[in-house]
Amino acid sequence: MIPAREALELLREGNRRFVAEVRNRDGITSQARRRELINSQEPFAIILGCSDSRVPAELVFDQGLGDLFVIRVAGNIVAPSQIGSVEFAAEQFHTRLVVVLGHTQCGAIEATIEQLQRRTEDQSRNLRSIVDRVRPAVWTLLETDLRHDPPALLRKAVRANIRMSVNNLRHGSEILEQLIGSEGLLIVGAEYSLETGEVEFFDGLPPAA
């Protein structure tokens, strides 16, 4: 088992390689590594990320087969199925780091802002289920002067949604709360920049991490 702080540094190092275009391909392409993973896995981090095709966690963090347990859903929202998936990996594989990974220019956040400003009645109920989970993070921002500055509003809303998802994981599961309190589980929020390729960890970091 890799402790949360060490796992966090592995992700940071991998992202630095990704940005610098100095990639470690062995873990991705090695047939020997694939054979090692046939009967077991020990992912060192759980990534709850957005489904956006431009933000594949394994590439962004330059990791290979068996390194990451990735859960992807539009808007990196937290619903019961996502919580259950995080619980499963944290308990089954003893993974001690969870990262909620959002990204700049998130379409799910934009859709939520549009719906709150102009109701979209013909939107499918399935899409509304995503928008409704993002809504609480955006609503209060629309009551500020940010509503007159769409780019700034989107930037703030993306981060607010990440923070909300982190909070929902921390406090939406007795299992995760127990692992946080007694087993060193760490749940942090991060934002991937489509413009630079950099990941900034900004929510829930341990001291001096």
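The values are calculated or read from the model by the stated rules, or taken from the named source; none is laboratory data. Bear in mind the structure is a predicted one, so any value in this text is a computation, not a measurement. When we count neighbours, we look across all protein chains shown, and the Cβ atoms used for this are built from the backbone with ideal geometry, even at glycine.
Data for the structure
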quantity	calculated
Any hit, the range 183-206, residues being in a helix (DSSP H, G or I) and out of contact with any Lys or Arg (no Cβ under 9 Å at 6 or more places or on another chain)	no
Count - residues of the range 136-158 that are in a helix (DSSP H, G or I) and either surrounded by fewer than 16 Cβ atoms within 10 Å (Cβ to Cβ) or touching a strand residue (DSSP E or B) at 6+ places or on another chain (Cβ under 7 Å) (or both)	11
Yes/no for R159 being under 23 Å from I46 (Cβ atoms), within 18 Å of the chain's Cα centre (by Cα) and basic (K, R)	yes
Considering residues of the range 41-98 that are assigned to a helix (DSSP H, G or I) and of a type in the set (V, I, T) only, the residue farthest from V199 (Cα to Cα)	I83
Qualifying position, being modelled with pLDDT of 95 or more and over 21 Å from D203 (Cβ atoms), among H94, H148	H94
Hits in the range 87-105 - residues which are more than 11 Å from the chain's Cα centre (by Cα), β-branched (V, I, T) and either surrounded by fewer than 16 Cβ atoms within 10 Å (Cβ to Cβ) or within 15 Å of V188 (Cα to Cα) (or both)	T95
